[in-house]
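Structure, as structure tokens:
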Amino acid sequence: MDYRKFGECYYIRMDCNDEIISTILEICKKENIRSATFSGIGGCKDAEIQTFIPETGSFEEQRISGMLELVSLNGNVVTDENNTCYHHTHAVFSYKDGERHCMAAGHMKSITVLYTAETELHPVTGGTIRRKYDPETGTDSGILIESSKSHVSRAKSTKQWADVCKETEN
């Protein structure tokens with residue numbers, strides 16, 4: 001694994017057998033990044049996909065392996081008051097099953113690199129994103145936006161968010 005910072009963005013190259021999510025979290029800890037978003041692509045060999053089942057309040061897990069083309073990786077990193085990093089990651093993979101071309105996607109628990117993966121890590125500036133507990137689902141799946149500008153936190157709808165963004169521009 002190797003990474004470099006250019007401007008506010010970190011560019012990460014991961015190699016064979018690197019685990020993508022734990023690598024991103026390690027960099028966030030090392031660089032004192034409290035919240036960030038990330039995206040990436042690559043060639044992977046193993047992925048553990050989770051699907052949340054609302055009726056049971058639990059995740060079903062599926063492991064796929066082989067030559068997995070990581071078509072899209074998206075997620076965020078948040079840190080709690082104890083400096084523990086958490087991720088919320090989704091990915092899409094394409095792969096072959098015999099002669100068929102297949103796809104698998106969902107919430108990711110782990111992803112292992114086969115030959116390389118390339119990721120952009122964008123730290124949040126001007127505020128922090130945090131986990132927000134959702135009592136309806138029993139998960140910490142939502143995010144709470146905290147801004148260094150106090151007026152951003154009062155947005156309760158898309159229209160209000162647009163109004164706040166206009167205020168911020170002025």
Practice item. Report whether or not residue 74 is in a strand (DSSP E or B) and either of a type outside the set (Lys, Arg) or in contact with a Cys (Cβ under 6 Å, 6 or more places away or on another chain) (or both). Key: yes
Review point. In the list 122, 90, which residue meets the criterion of being modelled with pLDDT of 95 or more, touching a Phe, Trp or Tyr at 6+ places or on another chain (Cβ under 8 Å) and surrounded by 12 or more Cβ atoms within 10 Å (Cβ to Cβ)?
Key: 122
Review point. What number of residues in region 125-135 are open to solvent by 100 Å² or more (accessible area, probe 1.4 Å) and either out of contact with any Gly (no Cβ under 9 Å at 6 or more places or on another chain) or part of a loop (DSSP other than H, G, I, E, B) (or both)?
Key: 1
Practice item. Select from region 29-48 the residues that are touching a Lys or Arg at 6+ places or on another chain (Cβ under 8 Å) and open to solvent by less than 40 Å² (accessible area, probe 1.4 Å) and write down the one among them that is modelled with the lowest pLDDT. Key: 35
Exercise for review: Output yes when any residue across region 53-68 is over 14 Å from the mean Cα position of the chain (by Cα) and at positive phi, and no when none is.
Suggested key: yes
Review point. Does at least one position in region 97-107 carry a residue that is at pLDDT below 95, out of contact with any strand residue (DSSP E or B) (no Cβ under 7 Å at 6 or more places or on another chain), assigned to a strand (DSSP E or B) and open to solvent by 50 Å² or more (accessible area, probe 1.4 Å)?
Key: yes
Check your understanding: residue 51 fails exactly one of the following numbered conditions: (1) modelled with pLDDT under 95; (2) not in a strand (DSSP E or B). What is the number of that condition?
Key -> (2)
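The values are calculated or read from the model by the stated rules, or taken from the named source; none is laboratory data. Worth saying up front: this structure is predicted, and the values here are computed from it rather than measured. With ideal geometry, Cβ positions are generated from the backbone for all residues, glycine too; neighbour counts draw on all protein chains shown. The area values use the complete protein model at the heavy-atom level, side chains included, leaving out ligands, DNA and RNA. Shrake-Rupley method; radii C 1.70, N 1.55, O 1.52, S 1.80 Å.
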